[in-house]
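Asks: A single structure is presented below for examination.
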Amino acid sequence: MYDEKTLRLIIARLSAKSPNVSIAIVGKGTFNRDEMINQVKEHTKIGEAIVKRELEFIRDMPRLSIILSEEDE
Amino acid sequence: MNKNILVLRTAYDGGTFYLYEWTGVVIENAGLKGFDVSDLKKEKANRKNFYGLLKSTNPIFVFLNGHGDNNTFYGHDDEEIITTSSTTGLKNKIVYARACGCSTQLGDKAVQEGCVAFIGYSDYFDIPIQNSRSATPLHDPIAKPVMEASNVIATALIKGNTVGEAVEHSHKLVKKELRKILFSGRYKEDLECRDTFEKLYMNDKHLDFKGDENAKLIQ
């Protein structure tokens, strides 16, 4: 589903994460950093879900910076 | 006045175990506020028990914790509990589904069929877990802000806030935590903290509700 360039970017991003933290994808399992990288490399459904999340966060960074700089009501 | 609450909480993997433990905090608060809580937990979180208690206790608030998708909420061992063809039981109730995806088709259908308000997540709900704390979720500093931001919705309802206010409380808490992490420099320096930051933001982005924003448990 995702091209190789995107996958390399996501794997690099995952590699920079802490090895001491896992992510629970509720109902689908809990994955530590290396397991997430393997899922992405093996093109599994979980791997696709992980790539989707990472890309969404990257794409949302400009939106996030606007939200955090807004004055509270 | 009806003060019955029905809670369903599964605990069959790492993520659901965190939901299970953190839901305990909400149940404690509900008890202190005088609510009568029916607690369907672990293997008791099945379809038969759920519909039995839904009928016998007629709760005003249904708090669901487990695995979900756009069309279905699942109980213990992924048994289908509520699907888009079985939402009539949620009529006249406020529902909060702390599960992936349920606020979309399932939430829409529930409200069409008379559910007062359906709070949930339009996409995934993820939990960052510090590996060394995975057996003690309430003491996990990485998960804590994420779990508190989702717990506050249920506790705000219990305190008498409207659905709209409860969701807004969560948004505000997330924004406060994001700012705290970012402006303290922790996002840059603390790798573990980055997962908290990212999951706080992403879960909050997908938080949504359908139905009456002015509905509340205490009239």
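Coordinate-derived values only; no laboratory data. Fair warning: this is a prediction, and the values are worked out from it, not measured in the lab. In this analysis, Cβ positions are derived from the backbone assuming ideal geometry, glycine residues included, and neighbour counts consider all displayed protein chains.
Asks: With a ≥ b ≥ c taken as the square roots of the eigenvalues of the C-alpha gyration tensor of chain A, please select rounded if a/c is under 1.5 and otherwise prolate if a/b is larger than b/c or oblate if it is not? Mind showing how you got there, number by number?
Replies: Details: a/c = 2.14, a/b = 1.65, b/c = 1.30.
Cα axes put chain A in the prolate bin.
Asks: Work out the charge dipole of the protein assembly as shown with +1 on the Cβ of Lys and Arg and -1 on the Cβ of Asp and Glu about the Cα centre, then indicate which of B:Q105, B:M1, B:P137 is farthest towards its positive end.
Replies: The Cα lying farthest towards the positive end belongs to B:M1.
Asks: Which semi-axis lengths, in whole Å and largest first, follow from the square roots of five times the eigenvalues of the Cα gyration tensor of region B:128-219? Mind showing how you got there, number by number?
Replies: On the way: eigenvalues 150, 44, 20 Å².
Working through the eigenvalues yields semi-axes of 27, 15, 10 Å.
Asks: While we're on this one: With point charges of +1 on the Cβ of Lys and Arg and -1 on the Cβ of Asp and Glu, referenced to the Cα centre of region B:4-211, which listed residue (B:G14, B:S150, B:H67) lies farthest in the positive direction of the dipole?
Replies: With unit charges placed on the Cβ atoms, the residue in question is B:S150.
Asks: With an 8 Å Cα cut-off and a minimum separation of 6 or more residues, compute the relative contact order for region B:89-142 in percent. Don't jump to the answer; show the numbers that get you there.
Replies: Working: 78 pairs, mean separation 19.3, N = 54.
About 36 percent, as a whole number.
Asks: When only C-alpha pairs under 8 Å and at least 6 residues apart count, what is the relative contact order of chain B, in percent? Mind dumping the intermediate values first?
Replies: On the way: 458 pairs, mean separation 42.2, N = 219.
Once normalised by length, the contact order is 19 percent.
Asks: Averaging over every viewing direction, what projected area does the convex hull of the Cα atoms of region B:1-131 cover, in nm²?
Replies: Working: hull surface 29.9 nm².
Averaging across all directions leaves 7.5 nm² for the Cα convex hull.
Asks: What trypsin sites (Lys or Arg not before Pro) does region B:39-96 have in DSSP loop regions with at most 14 other beta carbons within 10 Å? Each step should come with its number before you reach the end.
Replies: On the way: sites: B:K41, B:K42, B:K44, B:R47, B:K48, B:K55, B:K91, B:K93; in loops: B:K91, B:K93.
Listed in order of number, the matching sites are B:K91.
Asks: Of the beta bridges DSSP finds with both residues in chain B, what % are antiparallel, to the nearest 5? Walk me through the numbers before you get to the answer.
Replies: Values: 9 of 28 bridges.
Beta bridges within chain B, antiparallel portion: roughly 30 percent.
Asks: Translational D (Stokes-Einstein, µm²/s) of the protein assembly as shown at 25 °C and 0.890 mPa s when Rh comes from the Kirkwood sum over C-alpha pairs? The partial results should precede the final answer.
Replies: On the way: Rh = 19.3 Å.
Translational diffusion coefficient: 127 µm²/s.
Asks: Kirkwood hydrodynamic radius for region B:59-157: how many Å is it when counted over pairs of different Cα atoms? Could you put the intermediate results ahead of the total?
Replies: Details: mean 1/r = 0.0712 Å⁻¹.
Its Kirkwood hydrodynamic radius stands at 14.0 Å.
Asks: Here is a follow-up. For region B:13-80, rounded, prolate or oblate, judged on the Cα gyration tensor with a ≥ b ≥ c (square roots of eigenvalues), a/c < 1.5 rounded, else prolate if a/b > b/c? Intermediate values should be presented prior to the final figure.
Replies: On the way: a/c = 1.97, a/b = 1.22, b/c = 1.62.
The shape class here is oblate.
Asks: With both bridge residues required to lie in the protein assembly as shown, what share of the DSSP beta bridges run antiparallel, to the nearest 5%?
Replies: Numbers: 18 of 37 bridges.
Roughly 50 percent of the DSSP beta bridges within the protein assembly as shown come out antiparallel.
Asks: At B:K44 and A:T44, where each label point lies 7 Å from the Cα along Cα→Cβ, what is the point-to-point distance in nanometres?
Replies: Distance between label points: 3.4 nm.
Asks: On C-alpha positions alone, give me the angle between the axis of helix B:14-32 and the longest principal axis of chain B, in degrees, nearest 10.
Replies: Helix B:14-32 sits roughly 70 degrees off the main axis of chain B.
Asks: Please list the radius of gyration and Dmax for chain B, considering alpha-carbon atoms only, with Å as the unit.
Replies: 16.4, 53
Asks: Now for a separate question. When the dipole is taken about the Cα centre of region A:4-69, and only Lys, Arg (+1) and Asp, Glu (-1) are charged at their Cβ, what size is it in debye, to the nearest 20? Let's see the in-between values first.
Replies: On the way: 12 positive and 8 negative charges, 23 e Å.
Charge dipole of region A:4-69: 120 debye, to the nearest 20.
Asks: In chain A, which helices (entire DSSP H runs) extend 30 Å or more along their own long axis, judged by Cα positions, while averaging at least 0.0 on the Kyte-Doolittle scale? Can you show the working numbers first?
Replies: Numbers: long enough: A:45-69 (35 Å, 0.23).
Those that pass (Cα extent of 30 Å or more, hydropathy at least 0.0) are A:45-69.
Asks: Next question. Given charges of +1 on the Cβ of Lys and Arg and -1 on the Cβ of Asp and Glu, with all other atoms neutral, how large is the dipole of the protein assembly as shown about its Cα centre, in debye to the nearest 20? Could the numbers behind the result be given before it?
Replies: Details: 40 positive and 42 negative charges, 70 e Å.
About 340 debye.
Asks: With everything on Cα atoms, drop me the angle between helix B:144-158 and the longest principal axis of chain B, reported from 0 to 90° to the nearest 10.
Replies: Roughly 30 degrees, rounded to the nearest 10.
Asks: Moving on to the next point. Relative contact order for chain A using alpha-carbon pairs under 8 Å, separation at least 6, rounded to a whole percent? Could you put the intermediate results ahead of the total?
Replies: Values: 47 pairs, mean separation 17.0, N = 73.
It comes to 23 percent, rounded to a whole number.
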